[in-house]
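Quick notes on the structure that follows.
The values are calculated or read from the model by the stated rules, or taken from the named source; none is laboratory data. Worth saying up front: this structure is predicted, and the values here are computed from it rather than measured. Note that each Cβ is placed from the backbone with ideal geometry, even for glycine, and that neighbours are counted across all protein chains shown. Accessible surface areas use protein heavy atoms only, side chains included; no ligands, DNA or RNA. Shrake-Rupley method; radii C 1.70, N 1.55, O 1.52, S 1.80 Å.
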Amino acid sequence: MMKITDLAACGLLASSLLGSVAQAAPATEPALRDYRAVALSANGQHIAAIESSKAAEQPQPQRPHAVIVVRDAANGAIVQQFDPCTVCSYDKPSWSPDGRQLAFVGYDAKAGTAQLYLATLAQAPVRMLTSIKGVAGTARWSPDGKQLALLATVGARKLAGAVEAGVRQVGEVGSEDDAQRIAVVPASGGEPRLLSPSDTYVYEYSWTPDGRGFVATSAQGNGDSNWWVAKLSHIDAATGALRVIASPAMQLNLPSVSPDGKTVAFIGGLMSDFGSIGGDIYTVPLAGGTPRNLTQDYRGTFNGVVWRGAGLLATALIDSQLALVPVDAQTGPAQPVMLGELSSSGSDGRLSFSADGRQAAAAQEDFTHASYLVAGPVGQLKKITRDNDGFAPQLTVRNVGWSNEQYKVQGWLLGPLSVEAGKRYPMIVNVHGGPGAAASPRYVAASTVIEELTQKGYFVFLPNPRGSFGQGQAFTRANMADFGGGDWRDILAGIDAVEKVAPVDGQRLGLIGHSYGGFMTMWGVTHSDRFKAAVAGAGVSNWISYYGQNGINQWMIPFFGASAYDKPEVYRRASPIESIKAAKTPTLIYVGERDVETPAAQSLEFWHGLRAMGVPSSLFIYDGEGHSFRKPEHQRDLQKRTIGWFEQYLK
């Protein structure tokens, strides 16, 4: 339903909540440094990343312009910086096999063009290899370093991804779907050669070791909707011919081929959206066959995997901790190396590895430590940047675990830096998007929603109920065809657990969420009187009408077991609108006008129902926004409305 893994997801409850584009500290303090798309060179000597700094709030702030920065992996010193297009946003950089060059894509939103750039570590100027009218990204070098591939959507009508704002539904609907295709360009530059079939949308790809083809996840038809039925495919680099390797009844991410060219590995499982990676590790012969699960019944969720030598290096969320897990392609996973309660990102999932698998690098952060780069031998990563050391913790953090029914459940409790003895405080329960996702440790910067709430004396509870990642696939699949059932009982049990260990006032509870979390908020206010205020973002009020309104309907079969036409009773049972007469909680509702994943009509229907019941409510539809809010002014407005709503009804 949505790919964001926590509050850093959705517009306000997206980037500004946990600080990915948050306001920085006052001007007298250093700017908050952001690191994205971390890529370690094959020899392990250099790190490339997309970096930006967010200074103090200006009257009309814009997103900070990011640049490509190359650093020494040993000490974090800046070696080179590239910014060939000052009006572009950059896509993840890719190292050449010899580690001497970088390729990356710059997208000029105003012009609607994407440029493929080539940079060297020498002082020579950056070269533009090709330009595409449309959008593009994910540049990858061929194994021999003579060609570059990228994903290109020529004449794109929208940005890639279902969370982006959809096109206006006028004219003959469905007659012109965007096609994201593999394109190949010589390393010397030239016109791109569109390779994969024109009727097929390619989501992910990687070169085969011989350079003669690609392994990819792909689907025919609409790219926003069909990721949930994507197949594992091979695409010939000479002819563009597509051959299906496997069609497993699961969602696929991170396909790659073993060094001997015989085996494909990927992460497969029940996933809510492209990019929200979580499942088990599978292998299948490149020639085709039935995928084999290497991590059956593993008590954790894999979120990264890459071939290194004859084996695999993977990362997994195990309960509350990120772990590095070596995986033998025959015998399965070895003992995990626990990396800690943190968030991590790199070009190979949660880390980026050198060619021999002995070195790694990543950007890491947690609730109280702003982002920093780490690098070093695998399992012995050390911090190599200190740009954000001046930013102090803005709140307290507590890892809360509880048991409900047959499940072990985990969540995070964030609170004020200090509390008065004997005093009890209001608490906001924030349900993450997904449901296939997890609330993860992300730095909470000053002037973000959570920071403001804790400064005003609120606790914020981030539960990971059944359906979430972190406890294995059985746990993730436990709320299939049961939205609002066991997952909701897990959340209520989590609130009870928090009240036993923290000074929380059970009579002053708020509820908030976006996407699946927005649905759960709508569900909560129609199935409980424990909450005195709620904010429902991009939610679903009526699964029957939603089935015919949304632009990603293929996601629903894996989660509901059948279509709304075949089993309407399952959809009605999970619809908050069916219980609207029980609603009493004052609710603020918001949604993007052009939301593909959860259309505005769903929020309008719920708002109409609340008004009919005489429940205090407010609906705000944000002009031109999709499922993830992109405009800073809208993020700020939503933050103000959210804080104001809870202050009005919980204070």
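Of D108, D328, the residue with the largest accessible area leads and the full order is D328, D108 (1.4 Å probe). When region 188-322 is described by a simple charge dipole with +1 on each Lys and Arg Cβ and -1 on each Asp and Glu Cβ, the residue from F266, L322, S198 located farthest towards its positive end is F266.
Determine one quarter of the surface area of the Cα convex hull of region 253-361, which equals its mean projected area, and express it in nm² to one decimal. For region 253-361, the mean projected area of the Cα convex hull comes to 6.7 nm². The residues of region 241-371 have, on average, 35 Å² of accessible surface per residue, using a 1.4 Å probe with all protein chains present. Each Lys and Arg Cβ is given +1 and each Asp and Glu Cβ -1; about its Cα centre, region 127-207 then shows a dipole of about 340 debye.
Beyond 16 Å, what percent of the Cα pairs of region 510-549 remain? Cα-Cα pairs in region 510-549 separated by more than 16 Å: 31 percent. Accessible surface of the chain, 1.4 Å probe: 49 percent of it comes from carbon and sulfur atoms. Kindly flag which residue pairs out of K408/K500; K110/K640; K532/K631; K54/K640; K110/K631; K231/K408 have an alpha-carbon separation exceeding 22 Å in this structure. The answer is K110/K640; K532/K631; K231/K408. Of the residues K631, K382, ranked by 1.4 Å probe accessible area with the largest first, the sequence reads K382, K631. For region 413-471, the normalised intensity computed at q = 0.25 Å⁻¹ comes to -1.02 (log10 of I(q)/I(0), Debye sum over alpha carbons, equal scatterers, no solvent). With protein chains left intact and a 1.4 Å probe, residues in region 73-114 average 46 Å² of accessible area per residue.
One decimal place: the segment R530-K408 gains 41.6 nm when fully extended, by the rule 0.36 nm per residue minus the C-alpha distance. Rounded to the nearest 20 debye, the dipole size of region 325-481 about its Cα centre is 300 debye, using +1 on the Cβ of Lys and Arg and -1 on the Cβ of Asp and Glu. Solvent-accessible area of E341, all protein chains in place: 80 Å² (probe radius 1.4 Å, heavy atoms, ligands and nucleic acids excluded).
With both labels modelled 7 Å from their Cα along Cα-to-Cβ, the D83 to E499 distance reads 5.3 nm. When I277, I557 are compared by accessible area of protein heavy atoms, the largest-first order is I557, I277, using a 1.4 Å probe. Each eigenvalue of the Cα gyration tensor of region 60-155, multiplied by 5 and square-rooted, gives one semi-axis; in descending order these are 22, 19, 10 Å.
Computed extension gain for A287 through R386, at 0.36 nm per residue and net of the alpha carbon distance, reaches 30.9 nm. Computed on region 177-269, the Cα convex hull volume stands at 96 Å³ per residue.
Both radii were evaluated on the Cα set of region 496-570; the Rg over Rh quotient, with Rh as the Kirkwood radius, amounts to 1.10. When only the Cβ of Lys, Arg, Asp and Glu is charged (+1, +1, -1, -1), the dipole of the chain relative to its Cα centre reaches about 340 debye.
In this structure E569 has an accessible area near 100 Å², from a 1.4 Å probe over the protein heavy atoms.
Just how far, in whole angstrom, is region 335-407 from region 118-146 if you go by their alpha carbon centroids? Rounded to whole Å, the Cα centres lie 30 Å apart. The share of alpha-carbon pairs in region 135-202 lying farther apart than 19 Å comes to 39%. Geometric descriptor of region 441-572, per residue, is 133 Å³ (volume of the convex hull of the Cα atoms).
A 1.4 Å probe run over region 504-573, with the rest of the protein chains in place, finds 30 Å² accessible per residue. Taking the square roots of 5 times each eigenvalue of the Cα gyration tensor of region 191-338, largest first, gives ellipsoid semi-axes of 26, 18, 12 Å.
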